[in-house]
Structure formats: C-alpha cells, structure tokens
Amino acid sequence: MLVKIFAPMLFQRSYPLVVKLQTKSKMARELLILFIWLLCSLPSLSIDYLIPFTTPESCKTNQYFQFSSLRCEPCGSPGQERSNDGFSCICQTGYKMVENKGGPSIVCEACNSAADSGNLTSSLDGSFCIKCPTDVGFNVKTGTCNRCPSDSVATDRTRDGAKLSTRKCERCVEDTTPGGEELQACRRCHSSFLLSSNDSVCSPCTENGFVITGGVCFDENVLLKDTSSMYKVEYGDKSFDSRFFRSNLRASQALCKTDSNFTACQLLGNLCVLLDYIQGGSACKEYTDLVNNKIPLGIVNGDNRDWPVVMPWLFYELSASDAPEVLDKKEITKKFQRNEDIDFVLAVYTLNGSFVGYENGLDSIQMCKDRPSKMAAALKFATTYRSSCSIAVKEMAKMPMFLYDMFLALGDDLYPVPVLMENYVKDSENVNEGSDRDKWVLTRRFYVVDNLIGISAGGNQELQYIRYPQKIELNIRLRSSDGEIYPPLLRIKYDALELNDEDTLNSDKEVSFAITYEMDTSKIKKDTEVLSPAV
C-alpha cells in the first residue's frame, strides 16, 4: 500500500504534500522518513553517452563490425564466419543459409549431419545444399566439390534458375573459356587464343613457341627475354621481385609495341612510375625505347610533342631541356584574384591502365581528411594551406590504388602540372631532393598509395611492402602583383614500409599535405614601379 501511495509522489515530486505530512502526526513523520529513504535508494537516471571507439580492424577473427552500434559482435554458431568485408556474418562452407534478414543474426544449417558421411556441399550462392558430381568427387578435407576440369565451369541451377540436385560441370565450347568471378561463367576468350582470325575455337596456347602471360597467348618471339632482374622493384634499400611486374610487364610491352593497345601502353607507363621513374628500370627503359623508336610522335593538344601518340605522357624531354625552362614558362595568362577558387583536375587511371575519368579538386590526394569547408579552403588563391595527421598502416594497406595526371583548369583548357618526385635517383644521387633546379628531373604521373605491387612473385600471396607519401606539396609561384603565376609544381616524397614487421604493420605514420605560394618580391616591386602612373 505504501508503494501505491508514494509512487505518484516520487515521480510527480509532490513536495508540498510532504510538508503537510510532516506537520500532522508521528505516523506522518515515519512516512516522510520512508519517502526520503526510497528517494535516496532510486538508481541514477542520468545516461552515460560515452562509447568506446571501435574500428573494423579491431574486431577479432570470429567477430564482425556492427556498424549500426559501432562495435564488434561475435558471429553465431554453428557454421558461421565473418564475411570478407567484415561487416556481417556468413555461412561457412558446408552450410546453407536458412535465414538472413539483413539484421544482427543469421541462421545456417549443415549440409551433412554428424552421422552422415555425405557428399553434400554449399551451392555456389550458399542458399541450398547440393551433391557433387560423381566424376569430380567430394573433398572431405575442405567440405567442397573438387574443381571441374579446366575447360569447364560449375553450375548449380538450370538456365531458368531451377535448383539442381547434383552440380554439373558444363564444358565451355567454341570461342569461350572459363572466366568471370571464380571462373564460374563461360566468357569469350581473348583473340590471341583463336587459331585464326575467323576461327571460333579457343586454343589452349600449348603449342611449341607459345606462352601465356598477362592472360594473353603470345608467340614467344614477340616477348622480352624473361630475366629475373626485370621484375625487381625497389622499396627503400630492399629489392623485391614483384608478382604484378612478372605477370604484366612483358605482356603490356608486347601489346603496346605491336598493337598500340591503349590500355597496355598505359599499364607499361604505370609500371615505370612505380619504379620511381628510374631509367635503368626495365619498364622505364621499354617505355623510352617505344617512345623513341617504335611509337610515332604526333601533335597532341596543340604543340606538345612530349606527349607521344597512344602512350601516357611521363617525361618532359623534347620541348624543354631542363626543369627551369618548364617551370619559368609564361603560358598561363589568367590573372587570379585573391580568394578566387583555383581549379585543378585529375585524370585518374587504374593500375592496369584503364581510364577511370576526371576528378575536380584535390581531395583524392589529401590523405588527411577534414571538414569539407576546410579542405575547400586549400583551393582559394593566395591562401597557404597545411594539414598533417597520423594514418594507420593497416588502413593505408586497404586504400584503393589509382594513378593520376594533374592539370590546372583554365576555362576550356587544361595546363599540365609537373611533378617533382623526390625519390627519383640519377647517377646515384637524389637530384630532386635539393634546391638546384638545374638538376631536377620533372615528370607527370604519380600515385598516392602503392599497395598492390608489393606482393612477392614467390609462394607468399600476402602484401609485403607498401609505399605512401610522407609529404605532398603544391607550390605556386607568383610572377606579378596582378595574380599571374608560373606553372604550379607538385612535390612528392614517398616512404616504403615492410609489412612483415609486426610493429610496422600495427603502427601509424605521419603524412602531410600543403599548398604554398612564393613570390619574387624584387620582380613584383619592379612591376609595380612600371605600372605606377607618372607624377
């Protein structure tokens, strides 16, 4: 009864009623004491909004990152494991998905019971269980069917989507071969595998004198001689045999040389960039040889003869003999006003040479992300901008990798921005690190993070090395007091990291980005004097 009497008082805070009770009797005083005791015994109604900072990388192998609550949660059992992206749980091999509503839990069911030796496995889409073909067999260790023959693809459904009770190995016929994700579809084979130009039968490319490299069938005579040194990439003071170079260098050179294949030529150029433009490197040597001897030069975008037809433009060679001639050009006639937006455009390429498109602004090359308004301030003319931050090595290892050509947008025209890669070495000297412009070697294309090249050509499939920019600085020199400028210069210095070192893998690295302005005060003073009206 006391609870019923006092509950309203507690939540309505009827303090005047309490005063009345105090003045009436001994019983009232006792009730008041009980009220005070209950009030003091109530738990605090305040809420603690502080939550632990958890990242997907901090989740354990049996946990997924529940982004709705920003925390790591365990995958249930039995038969569950973390998905590849780490944001959900999926059924393990040998289990089928019984329920998945996109929420916090899924239900998986084993295809084979403990008492059943069975040969059932998960379907290719994981939604049901299926028998393995008798001529292919069931792999007890992996709980999956053995692979179909190399000329066939596995299928679990009929063409109209009906489930099969037993998996089939469908042979790819005519001009198709297994391809697509996990080689689960018949795709038209590359034209180099066709026996003749009008043939409709794929060749296995096993004839004497023919080899497969880069996914293309080549007559061995058109390929570069295979030497181990041509696949070496320098990561700091260590030389590394790169799987990507071994898979793509000879193929890209041959296709660029014989067919002027756009993507292959871009890929060859990208491989040179990833050698830090060192001319002694195999990719840069082959690029230069093609530019000088095999690929005809032409007029591209006006009179720019540094840019060869079908090839990426990497070096300043023909139109300028040295860096000062490039950097002191007065071709940019636009007069910028203070705080006016200065527009930059990035042409973006994938590592394999495909063109992604154009990007406006410099957000992609600023590793330190901030408020959009603050990052936009970097593009205000005559505004010095600096940012620095620490980035986890594990995060850099997962960043998408692209290569960039940078331009200054001037109305309907683009003006190329030269790059000074400080890692460039000439005659054992880092000529781009100093201030002597006569020694500088200017280039065009650059990357932000290299996290695809550093996989060994040996048995280890794990990423072993990455490179990242310790600093990126865009320098703009004023050539008059009227807002005229010389060509901007992008300076980049990379650092290499070995991921086999656990301490390095779990560390953070400092990176910086800056836009700086310089002016020759004596020149500006002279311009001002010349423009001053006569007294």
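For the range 99-148, with every protein chain kept in place, what is the accessible area per residue (1.4 Å probe, Å²)?
Working: 3120 Å² over 50 residues.
Each residue of the range 99-148 exposes 62 Å² on average to a 1.4 Å probe.
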*Which order do the peptides 488-499, 231-242 take when ranked by the mean count of other beta-carbon atoms within 10 Å per residue, highest first?*
488-499, 231-242
*Kindly report, to the nearest 10 Å², the accessible surface of Y316 as traced by a 1.4 Å probe over protein heavy atoms only.*
40 Å²
_I need the peptides 448-454, 95-101, 432-438 ranked by packing, meaning the mean over residues of other C-beta atoms within 10 angstrom, with the highest value on top._
448-454, 95-101, 432-438
*asked:* Tell me whether the range 137-264 comes out rounded, prolate or oblate; compute the Cα gyration tensor, take square roots of the eigenvalues as a ≥ b ≥ c, and use a/c under 1.5 as the rounded threshold.
replied: oblate
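The values are calculated or read from the model by the stated rules, or taken from the named source; none is laboratory data. Since the structure is predicted, the reported quantities are computational estimates derived from the model, not experimental observations. For neighbour counting, all protein chains shown are included, and Cβ atoms are generated from backbone atoms with ideal geometry for every residue, glycine included. The area values use the complete protein model at the heavy-atom level, side chains included, leaving out ligands, DNA and RNA. Shrake-Rupley method; radii C 1.70, N 1.55, O 1.52, S 1.80 Å.
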